[in-house]
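Reviewing the structure listed below.
The values are calculated or read from the model by the stated rules, or taken from the named source; none is laboratory data. What you see is a predicted model; the values in this text were computed from it and never measured. Here the Cβ positions follow ideal geometry from the backbone for every residue, glycine too, while neighbour counts run over all protein chains shown.
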Amino acid sequence: MSSGNSAELEVNLMGNQQPRILVVGLGNPILGDDGIGWRVAEAFEQALLNERPSNTEINVACYALGGLSLMEHLIGYDRAILIDVVQTSSGIPGTLYDLRLDDLPDLSSGHLTAVHDTSLQTALKLGQEMGASLPSEISIVGIEAAKVYDFSEALSPEVEASIPEAVALVFRQLDEFIRESIEPLAE
């Protein structure tokens, strides 16, 4: 673990088979809706015990970090699915977003990230330039939040109600990746 502020659940459910997939719940579980990433990752981990895809190594983790620290945790994986809170100007709390990292703006270009870190996009570019083995694709399950700065372990009702649907979206993203990784072998 590279950061003292990350709580890691990493559970290797499939041994050393390929491909390797990391499902990450991001956020802070004591800041209200900002903890939704962790809650969805935990629910996904429980559901995965009953629905294990074969020939795939899946690890589940929860982190309260980003940028360079998150990039370090992605090393060695073929695919990553990130689960995190989203706040848009007109979004309805509990709304789900099925995104790819490429869909998101790189906020480091406008100096909107912390001065001692960078955006995940910039961290990934740096990691690739340094020869790190990073995921070829990163997808995101975003959940629209209502409150992310309130000190509370409770989620708002609308956001909490989105957990089952968000878990289903993680499974759809996982199934899509597994299908894509099997198709080249069939040709």
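Note on the range 32-85: residues that are over 23 Å from K147 (Cα atoms) and not aliphatic (A, V, I, L, M) total 18.
Considering only the range 35-143, give the helices (runs of 4 or more DSSP H) lying wholly within it that have at least 3 residues that are surrounded by fewer than 17 Cβ atoms within 10 Å (Cβ to Cβ), at pLDDT below 95 and not acidic (D, E).
Working: elements: 36-48, 67-74, 120-129.
Once the helices (runs of 4 or more DSSP H) in the range 35-143 are filtered for at least 3 residues that are surrounded by fewer than 17 Cβ atoms within 10 Å (Cβ to Cβ), at pLDDT below 95 and not acidic (D, E), what remains is 120-129.
Taking the criterion of being more than 14 Å from the chain's Cα centre (by Cα) and polar (S, T, N, Q), the residues of the range 130-182 that qualify are S133, S136, S152, S156, S162, S181.
If you go through the range 116-135, how many residues are polar (S, T, N, Q) and within 16 Å of L104 (Cα to Cα)?
So the answer is 4.
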